[in-house]
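Colleague: Dumping the structure here so I can ask a few things about it.
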Amino acid sequence: MNPHITFLPSGKRIAVRPGTTVLDAARRAGVPIRTRCDGKASCLMCKVTAPSRGGLSPLSEQERRKLAGLDKQGTRLACQARIAGNAVVEVPEDPLKAAVRRQLERQAEDDDLW
């Protein structure tokens, strides 16, 4: 049986072959993860958080150097982390979507004041 990965906050879940990168699994599941380098670990935009830290491959030395200590908080590079078992990862909200969401929340608060 192939392991599965669950992406938060969307809750999307997909079964993949062991060794599949988190980035490839996200693409197959339709979960957007920002990247500019197409998975070469050079842009560092594909950071995700693995709250349980289980189900993913150990950090490579390259990934550890790139993360510069963020790995201690559960941060991984989606292009480098490979799925070894059932895993859960949190994908940060896209910065543009976050800005629009905050603006809409402020607008709703202003509307409530009237």
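FYI, it's all coordinate maths here, none of it is from the lab. Note that this is a predicted model, so its numbers are computed, not measured. Virtual Cβ from ideal backbone geometry, glycine too; neighbours counted across all protein chains shown.
Colleague: For the chain, treating each Cα as an identical point scatterer without solvent, what Debye log10 I(q)/I(0) comes out at q = 0.11, 0.15, 0.16 1/Å?
Modeller: -0.39, -0.64, -0.71
Colleague: Calculate one ³J(HN,Hα) per residue across region 13-30 by plugging θ = phi - 60° into the Karplus curve 6.51 cos²θ - 1.76 cosθ + 1.60, and present them in order as whole Hz with x for glycine and proline.
Modeller: Residue by residue, region 13-30 yields 9, 9, 8, 9, 6, x, x, 5, 6, 4, 4, 5, 4, 5, 4, 5, 7, x Hz.
Colleague: Tabulate in residue order the Karplus-calculated ³J(HN,Hα) for region 37-48, using 6.51 cos²θ - 1.76 cosθ + 1.60 with θ = phi - 60°, rounded to whole Hz; enter x for Gly and Pro.
Modeller: 9, 6, x, 9, 6, 10, 8, 6, 8, 8, 5, 10
Colleague: What distance in nm separates the simple spin-label points at residue 61 and residue 97, each placed 7 Å from Cα in the Cβ direction?
Modeller: Label-label distance for residue 61 and residue 97, simple model: 3.7 nm.
Colleague: Take the Cα coordinates of region 75-114, assign each an equal point scatterer, and use the Debye formula without solvent to give log10 I(q)/I(0) at q = 0.34 Å⁻¹.
Modeller: -1.09
Colleague: Sort 24-33, 92-101 by packing, meaning the average of other beta carbons within 10 Å per residue, with the highest value first.
Modeller: On the way: 24-33: 17.9, 92-101: 11.2.
Listed from highest to lowest mean packing, they are 24-33, 92-101.
Colleague: At 0.890 mPa s and 25 °C, plugging the Kirkwood radius over alpha-carbon pairs of region 30-72 into Stokes-Einstein gives what diffusion coefficient in µm²/s?
Modeller: 212 µm²/s
Colleague: I would also like to ask the following. Non-local amide H neighbours of residue 8 (under 5 Å, H modeled in plane, Pro and chain starts lacking H): which ones?
Modeller: 89, 90, 91
Colleague: Relative to the longest principal Cα axis of the chain, at what angle does helix 95-113 sit, 0 to 90 degrees, rounded to 10?
Modeller: 30 degrees
Colleague: Then there's this: Output wanted: per-residue J couplings in Hz (rounded whole) for region 54-71, from phi through Karplus 6.51 cos²θ - 1.76 cosθ + 1.60, θ = phi - 60°, x for Gly and Pro.
Modeller: Once rounded to whole Hz, the list reads x, x, 10, 5, x, 5, 7, 4, 4, 5, 4, 5, 5, 6, 6, x, 5, 4.
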